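Right, one structure below, let's go through it.
The values are calculated or read from the model by the stated rules, or taken from the named source; none is laboratory data. Since the model is a prediction, treat every value here as computed from it, not as a measurement. Reconstructed Cβ throughout: ideal geometry from the backbone, glycine too, with neighbour counts over all protein chains shown. All accessible areas refer to the heavy atoms of the entire protein, side chains included, with ligands and DNA or RNA removed. Shrake-Rupley method; radii C 1.70, N 1.55, O 1.52, S 1.80 Å.
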Amino acid sequence: DSIFLVFASNDLNSITSGFGHTFLRLHNKDSIRKNNLLDYGVNYAANTGADSGAMLALKGLFGHYPGVFSMLPFHQKMIEYTNLEGRDLWEYQLKLSPEQIDLILNHLLEIDGIKSPYYFISENIVYIISKRPIIPKFFDA
């Protein structure tokens with residue numbers, strides 16, 4: 001019924017989250033007990049495997065990791081960011097018509113399983129959300 005842009009504040013102790021992270025929360029007003037934790041979070045992130053340290057930074061800067069979309073229950077995303085990483089979550093509801101929401105949801109279904117080069121600084125989740133044809137004209141929020 002509505003879509004929220006969620007920003008997980010940055011964590012300077014982790015190179016992969018030094019700039020924060022952004023994902024979408026898909027809200028269904030008819031969910032059981034009307035609980036936002038039962039919504040779904042749509043995430044686009046680099047699949048870095050077990051890499052860490054300097055190798056992680058170098059590969060991430062030069063697009064050597066595949067970027068993949070995933071959809072998880074929102075409560076799992078909250079646990080990941082707030083409990084495990086100690087980050088704050090900031091939500092912004094997007095002003096979208098029902099037709100625009102359907103377009104976004106259908107597009108997310110189309111791109112399920114697609115991989116693309118993920119660049120930590122340039123072609124990351126913010127680039128995907130704002131520059132590609134998934135949502136750009138809907139950012140009047």
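Condition check ((1) farther than 19 Å from residue 7 by Cβ; (2) open to solvent by 50 Å² or more (accessible area, probe 1.4 Å); (3) hydrophobic (A, V, I, L, M, F, W, C); (4) in a loop (DSSP other than H, G, I, E, B)) across all residues:
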| position | (1), (2), (3), (4) |
| --- | --- |
| 67 | no, no, no, no |
| 71 | no, yes, yes, no |
| 77 | no, no, no, no |
| 80 | no, yes, no, no |
| 86 | no, yes, no, yes |
| 91 | no, yes, no, no |
| 95 | no, yes, no, yes |
| 99 | yes, yes, no, no |
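Is it the case that residue 134 is surrounded by 15 or more Cβ atoms within 10 Å (Cβ to Cβ), of a type in the set (A, V, I, L, M), at pLDDT below 80 and in a loop (DSSP other than H, G, I, E, B)?
The answer is yes for residue 134.
Could you tell me whether region 69-89 includes any residue that is in contact (Cβ under 8 Å) with a residue 40 or more places away in the chain, closer than 16 Å to residue 22 by Cβ and more than 15 Å from the chain's Cα centre (by Cα)?
yes
Take residue 97 and tell me if it is at pLDDT below 85 and among the small types (Gly, Ala, Ser).
No; evaluated as a whole, the condition is false for this residue.
Could you please give the count of residues in region 24-44 that are modelled with pLDDT under 85 and crowded, with 17+ Cβ neighbours inside 10 Å?
Residues meeting the conditions: 2.
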